[in-house]
Amino acid sequence: MSLDVHDIAGAPVVIGAGIAGLMTALFLAPEPVVLVCNTPLGTGACSELAQGGLAASLGEDDDPGFHLCDTLAAGDGLCDEATVRRVVRAAPEAVKTLERFGVAFDRYPDGALRLGLEAAHSQRRIVHAAGDATGRELVRALIAAVRRTASITILENMEARRLIVDDGSIIAVVAAGRARAIALPTRRAVLASGGMGGLFCDTTNPPGSCGHGLALAAWAGAEFADLEFVQFHPTALDGPCRPMPLVSEAVRGEGAVLIDERGQRFLAETPGGELASRDVVARAVWHQLAVGRRVFLDARQCLGPRFDKRFPRIAELCRGAGIDPATDPIPVRPAAHYHMGGIAVDAAGRSSVDGLWACGEVACTGLHGANRLASNSLTEAAVTASWVAESVAGASHTRRRRKCSTLVPPRPDASGIRPVVSAALGIIRDGETMREAVATLLPIATHNSAGSGPALVSLMIAIAALRREESRGAHCRSDFPGRDADARTSRLTRHSAMQAAAALSCRAPIGST
Ligand code: SIN
């Protein structure tokens, strides 16, 4: 089915209603904009699950220069320094902007912002809201602001299923809901559709976060960067719940320690201990689990009865699993959490496809490199949304009169490929398992089925991971445990680039041993 929507024709279309999408739409006001959200607004986005907050150098002893150094160190040689510099400088102002949009950040009785500490930050610089419900508060305030903004047309329960490209430029977005499908003619589309953790069995992401925006961009011919870098959060609550509830790094920031079932602290000798960078801690937890131990986060000493007040949401999640964090160690395991790679974008968020921008987790700006510093993602979304909006507003969008009739692809479903992705692209990877995954994913990716988008995204990640024959940041290969010295210095080999066509034409993949 196909239908042209004339009354909003030509307006930019923002796909996704997490922090990045909501803020892009707000920054575009008063220009009319269409906001497409595949669930009711306020549900289904990763942003609302965020416990950690926004990293910004707001402390008295802090400085954007320190934030820059911490981000570069975590990124393990792959950050784009110019991007990091711009983002960390803009971060304090982004916090103020969010307050203007109605977000209430946590403050001390004297009015000063309460700044938390998370892994690999040299300073307390994380602003939170409602203790550990930062994402929920941000989304609440931004949705209220969006609903007050008459120039934003909200299409809820509508999923973008295809970007129509003509002569290398975006000309429409096809979106489908339960009862109808529509083609939105536009020359400006912004993907703000979040990440791909839902491609893994163990993830903190909602099930809808299965890389759909990456698939849309891939079919449109966009270029990608650093797809192999997937971040695993070390401390998701170990249990049957999916998405797995997070036990925020801020709990370790308050002094909680990781122990095995014998009560032994296995990170005591590691530089940084429990607050070493996330990849280091996730691998340490994984190694314990791999030798058959159980892992717990122990906050009994550092927080004890204060846990509920400081982390009310986590306390509630623990209690739902029969655990009292004041008196019980919390069982944890790593879970897919964040994608550092994504659609390659320039400083204004423009992709390689004319008329397509990307913002938030789906984009690769170069801020995170090989490993994201905790709480830099909400900061990135808030900061870059304004750059994207400015670029979209200034772009030429003369309409082409063209009927956009198209078949609507099926609703994406990642359930069939999760076991393959989890086995091949997890915390420790090896060439043989990844080559097998490529062989399994390739035929699924080339069929027009519900699994083809998730399979295409997974295929591209697997190929990027196969090509990176080294271990760096979150990408760890048992068959290439060391660093590739060239990758540090050579601009050409530092960042991995990819297009769907290259992935789909890959028959005998990459460096068979
Ligand atoms: C956390 O609260 O541990 C997660 C924060 C983040 O992913 O940045």
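Tabulated data
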quantity: Of all residues in the stretch 421-445 being farther than 23 Å from His337 by Cα and of a type outside the set (A, V, I, L, M, F, W, C), the one that is surrounded by the fewest Cβ atoms within 10 Å (Cβ to Cβ); calculated: Pro443
quantity: Top-ranked residue of the stretch 407-420 - restricted to ones that are surrounded by 14 or more Cβ atoms within 10 Å (Cβ to Cβ) and among the small types (Gly, Ala, Ser), ranked as nearest to the chain's Cα centre (by Cα); calculated: Ala414
quantity: Selection within the stretch 121-144 - surrounded by 23 or more Cβ atoms within 10 Å (Cβ to Cβ), in contact with an Asp or Glu (Cβ under 7 Å, 6 or more places away or on another chain) and farther than 16 Å from Phe311 by Cβ; calculated: His121, Arg125, Val139
quantity: Answer from Leu115, Leu54 - the residue that is touching a residue at least 60 places away in the same chain (Cβ under 8 Å), surrounded by 21 or more Cβ atoms within 10 Å (Cβ to Cβ) and within 15 Å of the ligand (Cβ to nearest atom); calculated: Leu54
quantity: Residue count for the stretch 364-383, restricted to those that are within 12 Å of the ligand (Cβ to nearest atom) and not β-branched (Val, Ile, Thr); calculated: 11
quantity: Lone qualifier among Gly195, Gly221, Gly239 - being closer than 25 Å to Ala129 by Cβ and part of a loop (DSSP other than H, G, I, E, B); calculated: Gly195
quantity: Residue identified as within 16 Å of the ligand (Cβ to nearest atom), under 30 Å from Glu316 (Cα atoms) and either assigned to a loop (DSSP other than H, G, I, E, B) or in contact (Cβ under 8 Å) with a residue 24 or more places away in the chain (or both) among Val103, Val84, Val95, Val88; calculated: Val95
quantity: From Glu269, Glu223, Glu228, residue being away from the ligand (no atom under 15 Å from the Cβ) and free of Cβ contacts under 8 Å to residues at least 12 places away in the same chain; calculated: Glu269
quantity: Failed condition for Arg283, given (1) within 14 Å of the ligand (Cβ to nearest atom); (2) of a type in the set (D, E, K, R); (3) modelled with pLDDT of 95 or more; calculated: (1)
quantity: Which listed residue, of Thr71, Thr24, Thr39, Thr43, is modelled with pLDDT of 95 or more and either surrounded by fewer than 24 Cβ atoms within 10 Å (Cβ to Cβ) or within 16 Å of the ligand (Cβ to nearest atom) (or both); calculated: Thr71
quantity: Arg252 vs. criteria touching a helix residue (DSSP H, G or I) at 6+ places or on another chain (Cβ under 9 Å), of a type in the set (Lys, Arg) and within 16 Å of the ligand (Cβ to nearest atom); calculated: yes
quantity: Residues (assigned to a loop (DSSP other than H, G, I, E, B) and out of contact with any helix residue (DSSP H, G or I) (no Cβ under 7 Å at 6 or more places or on another chain)) located in the stretch 106-136; calculated: Asp106, Tyr108, Pro109, Asp110, Gly111, Ala112, Arg114, Arg124
quantity: Flag for Pro334 being more than 25 Å from Arg477 (Cα to Cα) and either in a loop (DSSP other than H, G, I, E, B) or within 16 Å of the ligand (Cβ to nearest atom) (or both); calculated: no
quantity: In the stretch 27-36, the residues that are assigned to a helix (DSSP H, G or I) and surrounded by 22 or more Cβ atoms within 10 Å (Cβ to Cβ); calculated: Leu28
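The values are calculated or read from the model by the stated rules, or taken from the named source; none is laboratory data. These numbers were taken from a predicted model, which means no experiment stands behind them. Don't worry about glycine lacking a Cβ; one is built from the backbone with ideal geometry, like all the others, and counts go over all protein chains shown.
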